[in-house]
Structure formats: structure tokens, C-alpha cells
1. Of the residues 241, 200, 139, which exhibits the maximal mean-square fluctuation in a Gaussian network model of the chain defined by a 10 Å Cα contact cut-off?
2. With label points built 7 Å along Cα→Cβ from the Cα atoms of residue 322 and residue 76, find their separation and express it in nm.
3. Between 150, 392, 82, which gets the highest mean-square fluctuation from a Gaussian network model of the chain, Cα cutoff 10 Å?
4. Pop the C-beta distance of residue 315 and residue 403 into the FRET formula with R0 = 41 Å and round what comes out to the nearest 0.05.
5. Over region 1-89, with a single point scatterer placed on each C-alpha, what log10 of the ratio I(q)/I(0) does the Debye formula yield at q = 0.12, 0.22 1/Å?
6. Pull out a ≥ b ≥ c, the square roots of the eigenvalues of the alpha-carbon gyration tensor of region 174-251, then state rounded if a/c is under 1.5, prolate if not and a/b is larger than b/c, and oblate in the remaining case.
7. Identify the residues of region 178-192 with backbone N under 15 Å of a label point that sits 7 angstrom from the Cα of residue 214 along the Cα-to-Cβ direction, or state none.
8. Suppose R0 equals 30 Å; then what is the FRET efficiency for residue 119 and residue 196 from their Cβ-Cβ distance, rounded to the nearest 0.05?
């Protein structure tokens, strides 16, 4: 059935009482529109105690967990799988790989020889558990229904399941470099499910960073947060603190993009990162941390705190004599002085930033700070010059900013 038809059927099963949208969404996703599955899963939800009746409709009585397969369906699907005992292990291994998997990857992790593996796959296709797309060795296989995959996966003992995940992760790492580079979240997931937390965390970080690079910020937050959650299970060591610092700094830009510079979550991330810098004695990353905090307070118009942080940024940049850091530090302090109404020192600091700016070296800072420092400083100093009574100079700087932005 189409999605709309499935939603109508859900309402019929509930006697016309509307379910919460997120519940309907899970039912439709879990059942792929198969009428029997829609009916059974809807009945299970209504009878589960997850919902309460309110004025002719249902509301959630608490957080919505992932919906489990009703016993009637699970028993039926388990029985079908049991009748295929000779090829059940292939179904279980495929289910561990995912709803869809390639012949190439299955063959790489399966202990069976090629002839036996193809024979097993043929039986699963004939039993209408799998669909095949293309021909081996380029073939792809898809479980006919997500519930079939769930049953095959859940039928594994925990120890065997972890063994499969470990095997898959190691094969991906060693023999599939393209997947390792382009889909690090797959390795992160399999190492996590295998219980190999130390190996999983760097891949969660890579997955988050890759997601940020393609502006998939919600996905990035999920990956990086997962890495931070797993990190808490490891012993408290300097190495763990450094890993957490890396994850927090990767998380900051994704949170800024989704929630804004002034969000409490953003402040918490950078405040925690500052604590970690103090723990590990890390100064090269401290500049990015202080910048994140400065941005947060500046956007909130908390100019006293922003001014203090701007001073810390400049002191840190001057101590290392890093031209790139100096560009950003002078800019931060200059902008804050402008908002405090101190126009002459604001102009001096922003002009100093412009003087140090080199478009060939500092354009890459757009990815770190979200803005090109040269363009921003030219815009800011134009505004300062205007307030100081130099409209001609302000116009000249504005034109320079536009030219630089168009390059």
C-alpha cells in the first residue's frame, strides 16, 4: 500500500482515533505498507500502554521507543526462518550487514565457498526473504521486508552477533578502503555493536566531520554525540581527555549551524572544551575554543564577557606569533570594541587585522570560523569609519569588501 493508504488503515484499526504523527510514521516505516503488518503493529501499539486516550484521539504517555515486532508476526517469521535451517546463517549474516548488502561484501565476510554461498542466496530468494538486483559478483540483495531482517538479526545470540559485527568492521577496514573513507559511520556502527569502543570512536568522529563538510549538520551532531557517549565508558586518562576535546571541537560548528551561535548547547560545548584544554595543557586548540565562546557571548550582546575573551584571544595569538590567529584575535577584539562604542580603538584593531590578512593563506578559515576574516573586517571597518565621520573612506572599504567577496 501507498503511505496514504497505510495511514488510512491505521486510523481504521484505531476506530477513527488519531495516533500521534511520530507513531504513525514508525508504523508505516516498519511495515512497508504490508496490510497484515500494518494491522498487527497498530494493534500492538494501541495495546502496549504507550498511548492514552485524550478527547477522541491518542497521545503518547511517555517517550516513544523503537517499535518492536508483534509476537504473532515474529513467531510467523521466525518459523519461516527455522524452516530454512541450512541457509539461516547466511540470512543472519546478511541481516547484520543491513537491510541491503552487496554480494562482494557478504562473500568477504562469509566462511562459505562461492558455490555454497550462491546456493544459499538462491534458497533465500526462492523463499521470498530476499530480492536480488543484478548478477554476482556485482549483485545487491535486499531483505523483502525490514521485519524479516529484524527477525533474522534478533535470532542471533549476542556473542555471535558481536562476532559478526567485529568481522564486518575489520573486513571493511582492511579490504574496502573506499567505504572506509567515504562511509566511516558504517565502521563506527559495526565496531560499536561489536563492543570495540576504542576502535569505534575515531570513526564516529570522522563520520561527524564528513557530515559537517557536506552541511549535513543534524547527522554530524548524531555521529559526534554517539562518539562522546561511548567515550564516557572508557577510563579517565589524558588520551581520553584529548579525544573528547577533538570531538567537542568538531561538534561546536555543527551546533552553531543548527541552533545558532548563542544557543546554550553551543556555550556548554566550548566551556567543556576549555576545561579539557586546561586538563591536557593544549594551547593550539585553545584558540578555537576561546573563539567559540567569544562568538557565543558576542551574539548574545554580552559585550563585557566578549571583551574579556577577545583580550585572551589576542594575548594567546601574540604569545605564539601566529599570523592567522592574530588576524582573528584583532578582529574579535575590534568588533567587541565597536559594540562597546569605543570606535577609535575598534578601528585600530580591525585595521591591524586587515593589514595581517592574506587571502591566499586565510581563506581556509571560512571552514573553521564560518566567515572570511578579510571580508568581515573590511565590512566592519567601513561601518566604524562611517560612525567616525569618514563616509568616503567607508565607501572605499565597502567596495574592497565586495571585490574580495566576489573573488
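We did not get these values from a lab; they are worked out from the coordinates using the rules stated. Model, not experiment: these values are computed from the prediction. Glycine also receives a Cβ, built like all others from the backbone with ideal geometry; neighbour counts cover every protein chain displayed.
1. Of 241, 200, 139, the most mobile in the Gaussian network model is 139.
2. 6.2
3. 392
4. E(calc), rounded to 0.05, equals 0.80.
5. Result of the Debye calculation: -0.40, -1.04.
6. oblate
7. Within reach of a label on residue 214: 178-187.
8. 0.40
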